[in-house]
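Report on the following structure.
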Amino acid sequence: WSAWTDTGGWKWPAVAAYAGERPLAWLDDEHEASGYPAARAEFDRLRRGIPTFLCHVDPRRGLLPTHLRQVADWAAGLTR
């Protein structure tokens with residue numbers, strides 16, 4: 001991704017571009033970081049109306065079975 005920065009703000013446009021108009025479950029440890037509000041606002045604008053689930057993963061604990069259940073529950077709701 002050509003707009004990479006070491007602040008993490010590069011992730012928002014890269015993930016939005018990759019996901020396009022498809023449903024997206026994104027597991028990450030930086031969703032709640034406040035260092036790049038403009039990138040987050042643009043992500044939210046681009047994803048408006050498209051099923052999107054942002055699942056926070058604590059970097060100290062890593063990916064847990066509860067995260068996978070949350071994503072599975074979210075995805076199951078898409079088919080109802």
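The values are calculated or read from the model by the stated rules, or taken from the named source; none is laboratory data. All of these numbers come straight from a predicted model, not from anything done at the bench. Heads up: the accessible areas ignore ligands, DNA and RNA and are worked out on the full protein's heavy atoms, side chains in. Shrake-Rupley method; radii C 1.70, N 1.55, O 1.52, S 1.80 Å.
Every residue, every condition in (1) open to solvent by 40 Å² or more (accessible area, probe 1.4 Å); (2) within 10 Å of the chain's Cα centre (by Cα); (3) hydrophobic (A, V, I, L, M, F, W, C), yes or no:
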position: Ala39; (1), (2), (3): no, no, yes
position: Leu46; (1), (2), (3): yes, no, yes
position: Pro59; (1), (2), (3): yes, no, no
position: Leu64; (1), (2), (3): yes, no, yes
position: Val71; (1), (2), (3): no, no, yes
position: Thr79; (1), (2), (3): yes, no, no
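Mind listing just one residue for me: the one in the stretch 6-30 that is in a loop (DSSP other than H, G, I, E, B), of a type outside the set (Asp, Glu) and open to solvent by 50 Å² or more (accessible area, probe 1.4 Å) and, of those, modelled with the lowest pLDDT? Explain how you work it out, then say what you get.
Within the stretch 6-30, the subset in a loop (DSSP other than H, G, I, E, B) is 6-10, 20-23, 29-30.
When the remaining residues are screened for being of a type outside the set (Asp, Glu), the result is 7-10, 20, 22-23.
Add one more test, that the residue is open to solvent by 50 Å² or more (accessible area, probe 1.4 Å), and what stays is 7, 10, 22-23.
Values: Thr7: 56, Trp10: 85, Arg22: 97, Pro23: 98.
Restricting to residues being in a loop (DSSP other than H, G, I, E, B), of a type outside the set (Asp, Glu) and open to solvent by 50 Å² or more (accessible area, probe 1.4 Å), the top hit is Thr7.
Given Ala38, Ala72, Ala33, Ala76, which one is in a helix (DSSP H, G or I), at pLDDT below 95 and among the hydrophobic types (A, V, I, L, M, F, W, C)?
Numbers: Ala72 fails: at pLDDT below 95; Ala33 fails: in a helix (DSSP H, G or I); Ala76 fails: at pLDDT below 95.
Testing whether each residue is in a helix (DSSP H, G or I), at pLDDT below 95 and among the hydrophobic types (A, V, I, L, M, F, W, C) leaves just Ala38.
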